[in-house]
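Structure, as structure tokens:
Taken together, the values in this text are just the output of simple stated rules run on the coordinates, not laboratory data. Given the structure is predicted, the values throughout are model-derived calculations rather than measurements. Every residue, glycine as well, gets a Cβ built from its backbone with ideal geometry; the counts of neighbours run over all protein chains shown.
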Amino acid sequence: MLAIGTVSYLGLTGALPLWACTILNGLSTYFLFSVVHDASHGAISRNKALNDAFGHIGMIFFGPLAPFNLARWIHMQHHRFTNDPVKDPDGFGHKLDFLTPLRWISFDYFYTMFFLRQAGPMRKKFMGRLVLQICLVVTAIAVCTYFGYGLEMLMLWLLPTRISSALFVAVFICMPHAPFSKTSQEDEYQASNIRAGWEWLLTPLMTYQNYHLVHHLYPTAPFYRMLKIWNARLDEHLSRNPYFVRTFSIGRPVSR
């Protein structure tokens, strides 16, 4: 958040061109998502109020139209029904075709549609908060535009969320799961993959999601401990026939 604030200040003062600020804020927001993701699992702090505060604040930057509690509920459906063609909200990110870029920059649209179609009785719990959040964001955009800061709002906040959306879908959804081998209910070890090799590069760039299987096995573990957890129980993990993919490919399995 400090990086986003600094870049936004530099953009507002003209010290950096707005197009550069858009890219930098998009990248910063992508890395910020790991904090939001951990908060959704209660991995930031044992103090629930503090933990959720990180989640709520982070979502303002990453997915401003979605309340944090709703985003957490949707993510829990992914963990319960990983790779299920109907019940997994992340299913939209598994397909690779000419429309892939549009899907990747629109995760919030697909999550909202999943919520409207699949939430059932949970709709009543979250719908009011969702409508309120959308109204607040639209109001903020309108106010900034009225006072002559519409372009800055677009370049420093809204467009960066599209960059972070694309990176989020690529790194947290597509690369760890597509094409999947099993659903989580069939075999947890075959529902998410391990992208072993080049950890010195991929681990920071992918925020440890090159070992995404570990997250599904130990969802309350902070993201920065995933590699250590994998290695600490390596023999046990290998005995369960985990799904390995080639280091720089999407979904090409390797024999281990």
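Observations
- Highest-fluctuation residue, ALA39, ALA15, ALA71 considered, GNM on the chain with Cα pairs under 10 Å: ALA15
- Secondary-structure-derived ellipticity at 222 nm for the chain, considering helices only, amounts to -17000 deg cm²/dmol, per-run term -39500 (n - 2.57) for DSSP H runs with n ≥ 4.
- Principal axis extents of the Cα atoms in region 1-59, from largest to smallest and rounded to whole angstrom, are 41, 16, 12.
- The orientation-averaged shadow of the Cα convex hull for the chain, equal to a quarter of the hull surface, comes to 14.8 nm².
- Of the chymotrypsin sites (Phe, Trp or Tyr not before Pro) in region 48-135, those whose Cβ has at most 16 other Cβ within 10 Å and which sit in DSSP loop: PHE98
- Listed pairs LYS48/LYS125; LYS87/LYS182; LYS95/LYS228 exceeding 24 Å between Cα atoms: LYS95/LYS228
- Computed over region 81-167, the range of Cα coordinates on each principal axis works out to 46, 35, 15 Å, biggest value leading.
- Of the residues MET122, MET76, MET175, the one that moves most in a GNM of the chain with alpha-carbon contacts below 10 Å is MET122.
- Region 207-222 - phi-based ³J(HN,Hα) in whole Hz, Karplus 6.51/-1.76/1.60, Gly and Pro as x: 6, 6, 7, 5, 10, 4, 3, 4, 4, 6, 7, 10, x, 8, 7, x
- Angle in degrees between helix 68-80 and the longest Cα principal axis of the chain, rounded to the nearest 10: 20 degrees
- Each principal axis of the Cα atoms in region 188-244 has its own extent, and those three values, largest first, are 27, 23, 20 angstrom.
- Gain in span if fully extended, THR220 to GLU199, counting 0.36 nm per residue against the direct Cα distance: 5.4 nm
- Euclidean distance of C-alpha centroids, region 50-80 and region 125-165, integer Å: 16 Å
- Charge sum, other residues only, whose C-beta stays under 14 Å from MET206's C-beta, Lys/Arg counted +1 and Asp/Glu -1: 0
- Across region 139-151, rounded Karplus estimates of 3J(HN,Hα) from the backbone phi angles (6.51 cos²θ - 1.76 cosθ + 1.60, θ = phi - 60°) give 5, 4, 5, 5, 5, 4, 5, 4, 8, x, 10, x, 5 Hz, Gly and Pro being marked x.
- Tilt relative to the chain, helix 107-118 - C-alpha long axis, 0 to 90 degrees, to 10: 70 degrees
- One decimal place: the segment PHE248-ARG46 gains 69.1 nm when fully extended, by the rule 0.36 nm per residue minus the C-alpha distance.
- Couplings 3J(HN,Hα) of region 23-28, computed from phi: 5, 5, 5, x, 5, 5 Hz, in residue order, whole Hz [Karplus 6.51 cos²θ - 1.76 cosθ + 1.60, θ = phi - 60°; x for Gly and Pro].
- GNM result for the chain, Cα springs below 10 Å: residue of PRO64, PRO204, PRO89 fluctuating most strongly: PRO204
- Compared with the dominant principal axis of the Cα atoms in the chain, helix 48-62 is inclined by about 70°.
- Coarse-grained scattering of region 129-204 at q = 0.15, 0.22 Å⁻¹, given as base-10 log I(q)/I(0) from a Debye sum over alpha-carbon atoms: -0.75, -0.99
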